[in-house]
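The values are calculated or read from the model by the stated rules, or taken from the named source; none is laboratory data. Because the structure is a prediction, the values reported are computed rather than measured. Note that we place each Cβ from the backbone using ideal geometry, even for glycine, and neighbour counts take in every protein chain shown.
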Amino acid sequence: MTDRLPTVIGSYLSPYVRKVLACLHLKGLAYRIDPIVPFYGNDEFARLSPLRRVPVLIDGDVVLADSSVICAYLDERYPDPPLLPQGAALRARARWFEEYADSRLGDTIVWHLYNQVVIRRFVWGEAPDEALLRQAREVEIPQSLDYLESELPAQGTLFDPQHGTLSLADVALAAFFRNAAFARYSIDATRWPRSAGFVDRVLGHPALATLAPFEVLSLRTPIAQVRDALAAAGAPISEHSFGSDAPQRGLFKT
Ligand SMILES: N[C@@H](CCC(=O)N[C@@H](CS)C(=O)NCC(=O)O)C(=O)O
């Protein structure tokens with residue numbers, strides 16, 4: 001019976017996986033997870049995810065390989081509660097923030113910061129590109145925070161300053177700053193108070209906070225032992241894994 005639950009392929013450490021898991025939580029949907037680092041995906045994984053990226057969602061016969069496509073699918077297939085606000089203009093604004101997070105914060109926080117500090121070291125055994133790291137910390141992330149500071153609410157969430165109901169846009173933005181924290185970048189609350197408060201509030205929501213112990217465990221455990229360690233800690237691990245023993249370079253940058 002458990003095989004009938006939706007299965008997410010992808011590590012708890014990916015912000016795109018985090019976005020999908022938080023949306024599943026918001027929808028009240030049980031799921032299983034195969035917590036692989038994408039570079040360890042096997043041939044079967046490559047067939048399901050032609051770009052060899054995580055997350056992948058398997059829901060019955062439906063297989064999807066992009067977090068935005070997955071979240072849009074979840075919202076249509078399981079409409080209650082909705083992940084987007086009401087009205088064309090607000091929905092477009094929410095989609096914009098999701099896109100901004102996935103593209104710009106993905107480039108800077110994932111590729112230029114987190115992957116340099118964590119993936120290069122623990123997957124490839126390489127030293128980080130210090131120039132790229134400096135550029136991310138000193139120029140790119142501050143530039144994003146300057147922008148976000150002018151858009152984010154002082155209280156609550158993007159579309160619900162009063163009660164703090166989470167939307168897909170809130171989840172997408174905050175998910176990346178969790179990876180920034182893993183790479184020891186924290187938002188300077190004196191310079192960007194709205195952004196710092198917003199990220200704290202969203203990451204403190206149960207949809208994201210319940211993932212935190214599994215993220216920390218994934219970060220601290222050697223990759224080959226992560227699956228077993230997470231299962232022992234109570235994570236909803238899938239029966240089947242799409243992982244392999246040896247990493248392969250992805251189709252994009254390293
Ligand atoms: N547009 C994709 C991006 C997913 C993505 O870049 N995932 C990263 C993990 S954080 C990945 O799989 N990287 C491996 C690679 O690009 O080779 C989505 O939203 O799902």
Some residue of segment 193-202 being surrounded by 15 or more Cβ atoms within 10 Å (Cβ to Cβ) and part of a loop (DSSP other than H, G, I, E, B): no
Residue check, V226 touching a Phe, Trp or Tyr at 6+ places or on another chain (Cβ under 6 Å) and closer than 22 Å to Y12 by Cα: no
Selection count where residues are under 28 Å from R220 (Cβ atoms) and buried (at least 18 other Cβ atoms within 10 Å of the Cβ), scope segment 162-192: 16
Residues of segment 217-254 satisfying the condition of being more than 16 Å from the ligand (Cβ to nearest atom), under 18 Å from T7 (Cα atoms), touching a helix residue (DSSP H, G or I) at 6+ places or on another chain (Cβ under 7 Å) and not in a loop (DSSP other than H, G, I, E, B): L230, I237
Pair list, Cβ < 6 Å and 6+ apart or interchain, from segment 98-115 residues that are at pLDDT 95 or above to residues that are surrounded by 16 or more Cβ atoms within 10 Å (Cβ to Cβ) and charged (D, E, K, R): T108/E140
Pair list, Cβ under 6 Å, 6 or more apart: segment 68-85 residue outside the structural domain of A172 (by TED's automatic domain parsing), other residue of a type in the set (V, I, T): I70/V20
Criterion (within 13 Å of the ligand (Cβ to nearest atom), farther than 22 Å from D107 by Cβ and β-branched (V, I, T)) met by exactly one of V54, V69, V8: V8
Among residues of segment 203-216, those that are polar (S, T, N, Q) and outside any loop (DSSP other than H, G, I, E, B), counted: 0
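Per-residue answers, yes or no, for (1) within 22 Å of L158 (Cα to Cα); (2) of a type in the set (V, I, T); (3) away from the ligand (no atom under 13 Å from the Cβ):
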position	(1), (2), (3)
P50	no, no, no
L64	no, no, no
S103	yes, no, no
G106	yes, no, no
L113	no, no, no
R121	no, no, yes
Any strands (runs of 3 or more DSSP E) falling wholly within segment 1-102 and containing at least 3 residues that are crowded, with 16+ Cβ neighbours inside 10 Å: 7-9, 32-34, 56-59
